[in-house]
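Colleague: Dumping the structure here so I can ask a few things about it.
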Amino acid sequence: MAASTMCAVVVAALNRTHARGSAVAGLQSFVRRVAYSTVVNRSNERGNRGPRRPRREAGPSRTEKMPVDQDWTAVYPTAAPFKPSAIPLPVRMGYPVKRGVPPDKRGNLELIKIPNFLHLTPAAIKKHCEALKDFCTEWPAGLDTDDKCEQHFPVQVETKAFVSAGTSLRNPDARVVTLKVKLSSLNLDEHARKKMIKLVGERYCKETDTLTITTDSCPLEKQNYDYAMYLLTVLYHESWKVEAWEAEKTRADMEEYDWEGSTSQKNILETLLRMRVAGEAEEDGSVARKELLGRPEVQEYRDSVTRLKNEGESESSMLQYREAVKKLLSL
Amino acid sequence: MQVRSVHSGSGLQLQAVAMETEPHPAKNLSVFRTTEADPARHSEQHAAQYYTLSPTHLRTVFPHGLPPRFQMQVKTFNEGCVMVRPPALEIISHLKKADYSKPALHYLLYGATGCGKTMSLCHVLHYCSTQGWLVLHIPDAHLWVKNCKELLPSSSRPSRFDQPVQASQWLQNFKVTNDHFLSKIKTTRRYVWTKRERTEEGRPLAELVEQGVNRVKSSSDVVGALLRELRLQAGQGDFRLAVAVDGVNAAWGKTSLKKEDKSAVLLEELTLIHNMRKMLNNDWCGGAIITALSQTGSLYTSRLSYLPQELLGQEGFDKMDPFVPVPVSNYTEKEFESCYLYYMDRNWLQHPNSKCECVNTSGGNAGWVEIASHVGRCWYHVTTGRRNAEVRVMVNVAPVNFVV
């Protein structure tokens, strides 16, 4: 009895101090001191607050009450963490320990840690769009195909705007402006087109015939947009100009292989002339040349060499060249 | 495992075999061989069959021309057998029909590594040699552009470099192949090598070659002079000239040689390469230029490239143009059967399952079949527990399908 009163006094003292660490140490030393007593007094965390309320059993989870055609946007109207009892999917996540299976969704911290997009289902997006419609104007009726858009609005400008919760509105990544235009929609002749492609270099994509100008040197988006438009204007006008030094363009600068005047043409003419001279009497040079070039075998040979040089090498182009040479040399 | 009897296909072939060989009890074994040793008489009916090179021909025609693995095989089997394949037959048929008063034609053998370009080239050269042509064989042009210990500045031209060792070695082998021609052909002008040494006009070429072999310092210039003489005189009709270059892409590639000041040597500055390039022009007549590409020894090229333009480059293609490209492909089923039966006949492969091993690891490429046969042999020894050398064969092959 003395022990119990002593216990009550000590515990009361402990409650008054409200220091958990010292309380535990004190309790430990207290338990050591009264280890011989028959009544082991369990530590009472609740103190004087009263007896513990019985733990309420969790009822059936919400998933069992969900109809199939429910409105999901009501379950997840905003971004919320993963609630296993509210999501009717048998999702598993985690490492399968000892060749087992990934752990269940109930009490799964991994599923709670990761971001989820359950608030952005197509139904939710539809609702957002419907809400945003009041702030939008209608799409022009005449622009119903991509080609028409391309025809009327050949220059496409892409910018990014960033929204974030923070103290400042500014985002330096928002200054980048990308301008895309197809060269076929610009008024360029052959020389201007080739010069334009040489001037822009890497910014031109041959497959899609698109010129892409990306500007980010100025601090503001408007400034970068003006700069991009200025660059486009300057490129256009410069490519139409013909400079004096452009007359010095060599075969190595040419974009495509041209058979006229190439070493291949020279070689074949020389070979054929020599073969002719060996067989018959010598004829007038230029006449023989024209006549040789006009022959269908030479035309075929020309096509095969042009294909080899322009398209690159492959088995089929090599075989075509082989057939052309065999016909030409009458093998 | 069922052995597919591919060779009992055409009755014509069996008839031809019956005519050539005397009645043999185990006839199916000799179907992969033909006794026709004259390449001039080879035709489609001998396709995928092995013919034997006589030892004298092996010594004289190919002192340096055969690929090293084939030379090992010749030593192992005590005979040199070459398979008759379509690319070589094609070139031989063109050579038979060509007009030799017209400029020389270029033939270029190309194909993947190990598919048989060098062996086809050797077959064609054997034909040329048996027909009495003068064979100018440069076995591997890559050897002239790399690993050259001695690089002397040329005495005749200040900007060029000589390779005495390579030139004199080549001249020695050239002498072995064409000894009988060297006494008949005469020089057309006087060559001055040093203050005391000169070769007069009208001397036999044998003297020129002797000069190059004995005086190693001027051997590169001797090679140049020799090539010039042959070029000039081939057109006169006394003899026909076959210029064969293996690894011709070396002539227009890059070198790994360096001058004394560690700057790179350009290909034009090498005397041997300069003269070889002049030879490969088709401004002479009375012969043919048969070449083969080779990626294996080439410098600064990707291992997977094998097409002509990739290996020759723009410059090489323009110089060789117009040429007849002859593709060499992997073994067909029939050719593979032949090869396998030949190896079995020579007791090289003994285990019945070695055939699948060869097929699986090689995928039909001729060079890899040979290497895979080593695998097949070792495998046999390993599985039967016989004490033999350890099996340490690393075979790294890309899966390539049979050509049907």
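Colleague: Test of understanding: ordering B:Met320, A:Met318, A:Met66 by Cβ neighbours within 10 Å, fewest first, what list do you get?
Modeller: Fewest to most other Cβ atoms nearby, the residues stand as A:Met66, A:Met318, B:Met320.
Colleague: Over all directions, average the projected area of the Cα convex hull of the range A:145-200 and note it in nm².
Modeller: Across all orientations, the range A:145-200 yields a mean hull projection of 6.0 nm².
Colleague: Using only C-alpha atoms and all pairs of different ones, pull out the Kirkwood radius for the range B:29-174 in Å with one decimal.
Modeller: When all Cα pairs of the range B:29-174 are included, the Kirkwood radius is 17.3 Å.
Colleague: Here's something else I'd like to know. With the crude spin-label approximation of a point 7 Å out along Cα→Cβ, what separation in nm comes out for A:Arg99 versus A:Lys127?
Modeller: 4.8
Colleague: At A:Leu319 and A:Asn116, where each label point lies 7 Å from the Cα along Cα→Cβ, what is the point-to-point distance in nanometres?
Modeller: The answer from the label model is 5.8 nm.
Colleague: Filter the cross-link list B:Lys149/B:Lys262; B:Lys258/B:Lys278; A:Lys182/A:Lys206; A:Lys326/B:Lys319; A:Lys327/B:Lys97 down to pairs whose alpha-carbon distance in this structure exceeds 20 Å.
Modeller: Where the Cα-Cα span goes over 20 Å, the pairs concerned are B:Lys258/B:Lys278.
Where a number appears in this text, it was derived from the coordinates with a stated rule and is not lab data. Quantities reported herein were computed from a predicted structural model and do not represent experimental measurements. No Cβ is skipped: glycine too gets one built from the backbone with ideal geometry, and neighbour counts run over all protein chains shown.
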